[in-house]
Amino acid sequence: ITVMSPNATNKVTTIQLVAGTRQSIPSDGWTLLDIIRYMGITGTTPGRVPRVISQQVLNDFNPNWHSSTPSTVPLNYLFDQQDQTAFYVYPPNNGKGYVQINYSPIPTDLASENSTISVNDIFQTAILDYILYRANSKDAEYAAGVTLAAGYLQTFMATMGAKSDQEVKNSPNQQMGSITPDKPGSGS
């Protein structure tokens, strides 16, 4: 479910930025969903919203952006689908700023049948269909099991609205229109 719908287990938290452009989401995460806002140098003061930007636009604007003058406040950020546990900030951070992020954590394993599943209850029907698909797949040596399994899988996929481009659809980059990078010191 979380692969097909990363926001099914989303978590919002504040992280401290490290010096430089490359930043990491928390170790329990598998993909960034959004950077919500800058949170000051203590992590408690809401501030400016960094704008998402494409790497190509930033590279065209300033090919040396990775070595620009560091700042506490990120003006822009970019996300690379090939490196989903990281994001980049512009200008480079000086290691003193915090941002509030929304990310998708890796679901925890269930310790017992009484454990709570970490996805929202709205996915209850999809979970049931998937469990029934898996259970009937084990009975695949009988035609009835194969048919039932296929039906439950089809229902699960329909419930989830499965599409091959889910990662692209949930990418922070999809929020972009025609955006140009902010210039440090511009106050925008």
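The values are calculated or read from the model by the stated rules, or taken from the named source; none is laboratory data. Note that the structure is a prediction, hence the values are computed from the model and not measured. Glycine also receives a Cβ, built like all others from the backbone with ideal geometry; neighbour counts cover every protein chain displayed. Side chains are part of the model used for accessible areas, which takes the heavy atoms of the whole protein and leaves out ligands, DNA and RNA. Shrake-Rupley method; radii C 1.70, N 1.55, O 1.52, S 1.80 Å.
For segment 4-160, the solvent-accessible area of protein heavy atoms averages 55 Å² per residue (probe radius 1.4 Å; ligands and nucleic acids excluded).
Put simply, the C-alpha atoms of segment 1-138 give a gyration tensor, and the ellipsoid matching it has half-axes of 36, 17, 11 Å, longest first. In whole percent, how big is the carbon plus sulfur part of the accessible area of segment 1-76, probe 1.4 Å, protein atoms only? In segment 1-76, the share of accessible area belonging to carbon and sulfur is 53 percent.
Could you work out how far apart the two model spin labels at residue 114 and residue 138 are, taking each label as a point 7 Å from the Cα in the direction of the beta carbon, and quote it in nm? Going by the 7 Å Cα→Cβ label model, 2.2 nm. Here the 3J(HN,Hα) profile of segment 102-114, calculated from phi with Karplus coefficients 6.51, -1.76 and 1.60 at θ = phi - 60°, is 10, 9, 9, x, 6, x, 7, 5, 7, 7, 7, 5, 8 Hz, Gly and Pro shown as x. On full extension, the segment bounded by residue 125 and residue 45 gains 24.8 nm, given 0.36 nm per residue less the C-alpha separation.
Could you work out how far apart the two model spin labels at residue 27 and residue 106 are, taking each label as a point 7 Å from the Cα in the direction of the beta carbon, and quote it in nm? Between residue 27 and residue 106, the label points sit 1.1 nm apart. Once you place label points 7 Å from the Cα toward the Cβ at residue 69 and residue 57, how far apart are they in nm? Between residue 69 and residue 57, the simple spin-label model gives 2.4 nm.
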